[in-house]
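Chemist: Once you've had a glance at the structure underneath, I'll fire off some questions.
The values are calculated or read from the model by the stated rules, or taken from the named source; none is laboratory data. No experiment lies behind these values; they were computed from the predicted model shown. Because the Cβ atoms are built from the backbone with ideal geometry, glycine has one as well, and the counts that use them run over all protein chains shown.
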Amino acid sequence: MAGKLLDGAAIIGQSGGPTAVINQSLVGVIEGLRGYRQVRKILGMRHGVDGLIRGLPFVDLSALTSEQLDRIAKTPSAALGSSRAKPTEADGPKIFEACRAADIRYFFYIGGNDSSDTCRIVYELSKKANYEMRCFHVPKTVDNDLMGNDHTPGFGSAARYVAMAFMADDRDNASLPGIKINVIMGRNAGFLTASSALARHAEGDGPHLIYLPEVPFDTERFIEDVKGVVAKYNRCQIAVSEGIKDKDGVDIGAKLIANAQTDAHGNVQLSGSGALGDMLANLIKEKIKSPSGKPPRVRADTLGYLQRCWPEPSHVDAGEARGVGVKAAQEAMNGQSDGSVAIVRLSNHPYRVEKRLIKLTDVAAKTKVMPPEFYHASKPDVTPAFIEYCKPLVGELPHFAARL
């Protein structure tokens, strides 16, 4: 049930990995709040709740001009700085001391599933402290793994980057034939790795093999897959999720990284290491030999953070990222107390979505994975259903000339 509007300031934070369009959401919240007399000031957290807890000074966003906002919106990365901090019960007094001092009554947090959980924690702490504050989560993650969402802002642009990177890399691989492995972000959900399939436009185009965390990874099967592709095309381009798991569900990459760092949410930092690509490349060299008896030409790259903030976003992604920020502000100004904005697909032809407010508990600390209809369990590839799902999100991709 909607309640009365509160008089006071609004604050916006950004959390988790930055993206090409996270600042679109920041600007969307600001635009959605403007014009309401109850919102006396719009502030920005420096480095999310971590900055709030540490007492970092706020950024006054109230007086930014339309031209400044538009430029910020089109700038990749988190303009306010980001954080992976997770507030604890002991952090509650510090958070609300800062909120009371600035008379903050509206709290907006832009981020992924861990960030939605942070928003939930802040809301529950506010109720326990008897401090009335409205808390809203604004979705963002290149992993595309938020429950309740058809897809998330940030994913379309990262998927576009991955598809174009594979298109270019495939031409490189065809020019000097060999085996090429590209490791892509995606701890538990394979959406971003699967988007590499959009690089294909003709028979023989890579990626020829796509390995997702949803399908147990078997090294013996992997070697046989590679051998089969090389026999057919005299080369092989491979897409591998950083989160591939063995038959027991254990992250293969996490086992390989010595002294692995973890964040406040307990996640091993997979993208900061090339260990997985190196292991797979060495395995191929060991198990596959050319007719001369020499190991094949094998290279491995980890795309890493380049996927997140490439400054040529999908125009669909940019528009939707702005829209979820506006929607969060509108729901707050409609008197809602808390929630997370979700993107729900209405149709593919034409592509249409709507934005809805769902419960924080429906999203917080939960992970969505690829549905079975998007991938083959019997071979390392995606299905036409995934291509149809993903294609509208990335925008038009370039088309290259046919090979001579």
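Chemist: Kindly indicate whether any position in region 361-369 is touching an Asp or Glu at 6+ places or on another chain (Cβ under 6 Å) and under 30 Å from K41 (Cβ atoms). Reasoning before the result, please.
Modeler: Of all residues in region 361-369, those touching an Asp or Glu at 6+ places or on another chain (Cβ under 6 Å) come to 364-365, 367-369.
Checking the rest, the ones that are also under 30 Å from K41 (Cβ atoms) come to 364.
Checked region 361-369: at least one residue is touching an Asp or Glu at 6+ places or on another chain (Cβ under 6 Å) and under 30 Å from K41 (Cβ atoms).
Chemist: Still on this structure, I have one more. Take region 55-74 and flag every residue that is surrounded by fewer than 17 Cβ atoms within 10 Å (Cβ to Cβ), over 14 Å from V29 (Cα atoms) and in contact (Cβ under 8 Å) with a residue 40 or more places away in the chain.
Modeler: G55, K74
Yes/no per residue for (1) more than 16 Å from the chain's Cα centre (by Cα); (2) within 26 Å of H208 (Cα to Cα); (3) in contact (Cβ under 8 Å) with a residue 40 or more places away in the chain:
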{"site": "D301", "(1), (2), (3)": "yes, yes, yes"}
{"site": "G304", "(1), (2), (3)": "no, yes, yes"}
{"site": "Q307", "(1), (2), (3)": "no, yes, yes"}
{"site": "P313", "(1), (2), (3)": "no, yes, yes"}
{"site": "V324", "(1), (2), (3)": "no, no, yes"}
{"site": "Q330", "(1), (2), (3)": "yes, no, yes"}
{"site": "V341", "(1), (2), (3)": "no, no, yes"}
{"site": "V382", "(1), (2), (3)": "yes, yes, yes"}
{"site": "G395", "(1), (2), (3)": "yes, yes, yes"}
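Chemist: On the given criteria, is G81 in a loop (DSSP other than H, G, I, E, B), in the same structural domain as A332 (by TED's automatic domain parsing) and closer than 30 Å to L192 by Cβ? Please lay out each step first, then the result.
Modeler: Details: in a loop (DSSP other than H, G, I, E, B): yes; in the same structural domain as A332 (by TED's automatic domain parsing): yes; closer than 30 Å to L192 by Cβ: yes.
So G81 fits the description; yes.
Chemist: Moving on to the next point. Please find, within region 86-99, the residue that is farthest from G319 (Cα to Cα) out of those that are out of contact with any Lys or Arg (no Cβ under 9 Å at 6 or more places or on another chain) and not in a helix (DSSP H, G or I).
Modeler: T88
Chemist: Of all residues in region 300-315, how many are hydrophobic (A, V, I, L, M, F, W, C) and either closer than 21 Å to T118 by Cβ or crowded, with 20+ Cβ neighbours inside 10 Å (or both)?
Modeler: The initial filter retains those residues of region 300-315 that are hydrophobic (A, V, I, L, M, F, W, C), namely 300, 303, 306, 309-310.
Retained after the next criterion (residues that are either closer than 21 Å to T118 by Cβ or crowded, with 20+ Cβ neighbours inside 10 Å (or both)): 300, 303, 309.
Matching residues across region 300-315 total 3.
Chemist: Could you list, in sequence order, the residues of region 58-101 that are under 16 Å from G13 (Cβ atoms), at pLDDT 95 or above and among the hydrophobic types (A, V, I, L, M, F, W, C)?
Modeler: F58, V59, L61, I72, A78, A79, L80 - these are the residues of region 58-101 that are under 16 Å from G13 (Cβ atoms), at pLDDT 95 or above and among the hydrophobic types (A, V, I, L, M, F, W, C).
Chemist: Quick one: is R235 over 20 Å from T383 (Cβ atoms) and touching a Gly at 6+ places or on another chain (Cβ under 7 Å)?
Modeler: Numbers: over 20 Å from T383 (Cβ atoms): yes; touching a Gly at 6+ places or on another chain (Cβ under 7 Å): yes.
Criteria met by R235.
Chemist: Can we say G266 is in a loop (DSSP other than H, G, I, E, B) and either of a type outside the set (D, E, K, R) or at pLDDT below 95 (or both)? Even if it seems obvious, please write down each step before you answer.
Modeler: Working: in a loop (DSSP other than H, G, I, E, B): yes; either of a type outside the set (D, E, K, R) or at pLDDT below 95 (or both): yes.
Criteria met by G266.
Chemist: Just need a number here: residues in region 28-41 that are under 13 Å from L69 (Cα atoms) and not small (G, A, S). Explain how you work it out, then say what you get.
Modeler: Just the residues of region 28-41 that are under 13 Å from L69 (Cα atoms), to begin with: 28-32, 34.
Next cut, not small (G, A, S) only: 29-31, 34.
Number of matching residues: 4.
Chemist: Since D338 meets every condition but one in (1) out of contact with any Cys (no Cβ under 7 Å at 6 or more places or on another chain); (2) in the same structural domain as N130 (by TED's automatic domain parsing), which condition does it not meet?
Modeler: (1)
Chemist: Quick one: R235 ticks every box in (1) surrounded by 21 or more Cβ atoms within 10 Å (Cβ to Cβ); (2) at pLDDT 95 or above; (3) out of contact with any Pro (no Cβ under 6 Å at 6 or more places or on another chain); (4) not β-branched (V, I, T) except a single one, so which number is it?
Modeler: Single failed check for R235: (3).
Chemist: Considering region 1-50 alone, what residues qualify as being among the small types (G, A, S) and closer than 20 Å to Y123 by Cα? Lay out the reasoning, then the answer.
Modeler: Initial filter on region 1-50 (among the small types (G, A, S)): 2-3, 8-10, 13, 15-17, 20, 25, 28, 32, 35, 44, 48.
Answer for region 1-50, where residues must be among the small types (G, A, S) and closer than 20 Å to Y123 by Cα: A2, G3, G8, A9, A10, G13, S15, G16, G44, G48.
Chemist: Continuing with the same structure: Might you let me know whether region 23-42 holds any residue that is touching a Gly at 6+ places or on another chain (Cβ under 7 Å) and charged (D, E, K, R)?
Modeler: Within region 23-42 (the criterion being touching a Gly at 6+ places or on another chain (Cβ under 7 Å) and charged (D, E, K, R)), the answer is yes, since at least one residue qualifies.
Rundown of residues vs (1) under 26 Å from S196 (Cβ atoms); (2) more than 23 Å from the chain's Cα centre (by Cα); (3) assigned to a loop (DSSP other than H, G, I, E, B), yes/no style:
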{"site": "Q336", "(1), (2), (3)": "no, yes, yes"}
{"site": "R345", "(1), (2), (3)": "yes, no, no"}
{"site": "L357", "(1), (2), (3)": "no, no, no"}
{"site": "T361", "(1), (2), (3)": "no, no, no"}
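Chemist: I'm told V27 meets every condition in (1) out of contact with any strand residue (DSSP E or B) (no Cβ under 8 Å at 6 or more places or on another chain); (2) part of a loop (DSSP other than H, G, I, E, B); (3) surrounded by 22 or more Cβ atoms within 10 Å (Cβ to Cβ) except one. Can you identify the failing condition by its number?
Modeler: (2)
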